[in-house]
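A.B. asks: Just passing along the structure, written as structure tokens.
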Amino acid sequence: MAKIKNIILIGFMGTGKTSVGQILAKKLNFIFVDIDELIEKILGMKISEIFTKFGEPRFRDFETEIIKLITKKKRQVIATGGGAVLREENMAQLKASGVVFCLTAPENVIFKRVRQCKNRPLLQVENPEQRIRALIKKRMPFYEKADFSINTDGLTPEEVADKIIKEYKRLIDGKAQSRAT
């Protein structure tokens, strides 16, 4: 591969960023970095606690600082939180450091995957399905800025990882054009 870059996974919660990212990192001998896990480790509290104590805007500030730090390194698979793309500076930093893949899934699939999770502060509302729809609609223009988009519905994390590796290698070797799969 001509030029090694980071692989960045963006997308809504429940699309498989963490599970796919761990597989990718192992297959490519890269370091896996989960931005949300790193924030929790540094601050010593869960994302839901950070939201409660500081609010979403302050959480997004923490997230931006971590992205700035983490993207200085190479040979990483970086899984972002679903809302990291809401700040233009985050997306610019991520794109500058690597190839951005957006993982997607239909709203009903996402709901099935995350409905039992109590650690998703944005879904702790009366109607989480409606919240998912609204958040996806709001974030879609940001997700569409990814270099590639992969629908994870009906695929195993291993299959998604293999698709990403194929596109990543083609891009690094100068043979690919960004496209949705």
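The values are calculated or read from the model by the stated rules, or taken from the named source; none is laboratory data. Source: prediction; values computed, not measured. Here the Cβ positions follow ideal geometry from the backbone for every residue, glycine too, while neighbour counts run over all protein chains shown. Just so you know, the surface numbers come from the protein's heavy atoms only, side chains and all, with ligands and any DNA or RNA stripped out. Shrake-Rupley method; radii C 1.70, N 1.55, O 1.52, S 1.80 Å.
A.B. asks: Please work out if Arg120 is within 19 Å of Phe51 (Cα to Cα), at pLDDT 80 or above and surrounded by 12 or more Cβ atoms within 10 Å (Cβ to Cβ).
C.D. replies: Working: within 19 Å of Phe51 (Cα to Cα): yes; at pLDDT 80 or above: no; surrounded by 12 or more Cβ atoms within 10 Å (Cβ to Cβ): yes.
So Arg120 does not fit the description; no.
A.B. asks: Taking segment 69-108, which residues are open to solvent by 50 Å² or more (accessible area, probe 1.4 Å) and more than 21 Å from Gln22 (Cα to Cα)? Before the answer, list the steps.
C.D. replies: Taking segment 69-108 and keeping what is open to solvent by 50 Å² or more (accessible area, probe 1.4 Å), we get 69, 72-75, 87-89, 92-93, 95-96, 107-108.
Scanning segment 69-108 gives Arg87, Glu88, Glu89, Ala92, Gln93, Ala96, Glu107, Asn108.
A.B. asks: From the set of residues in segment 1-59 that are surrounded by fewer than 21 Cβ atoms within 10 Å (Cβ to Cβ) and of a type in the set (S, T, N, Q), which is farthest from the chain's Cα centre (by Cα)?
C.D. replies: The qualifying residue farthest from the chain's Cα centre (by Cα) is Thr52.
A.B. asks: On to the next question. Within segment 86-108, can you find the residues that are part of a helix (DSSP H, G or I) and touching a helix residue (DSSP H, G or I) at 6+ places or on another chain (Cβ under 7 Å)?
C.D. replies: Leu86, Glu89, Asn90, Met91, Gln93, Leu94, Glu107
A.B. asks: When you scan segment 98-108, do you find a residue that is modelled with pLDDT of 95 or more, polar (S, T, N, Q) and closer than 30 Å to Asn29 by Cα, even just one?
C.D. replies: no
A.B. asks: Report, by residue number, each residue of segment 144-180 that is closer than 11 Å to Phe101 by Cβ and either at pLDDT below 95 or outside any helix (DSSP H, G or I) (or both). Spell out how you get there, then give the answer.
C.D. replies: Narrowing segment 144-180 to residues closer than 11 Å to Phe101 by Cβ: 146-150, 152, 160-161, 163-165, 167-168, 171, 178, 180.
Ala146, Asp147, Phe148, Ser149, Ile150, Thr152, Glu167, Tyr168, Leu171, Ser178, Ala180, listed by residue number.
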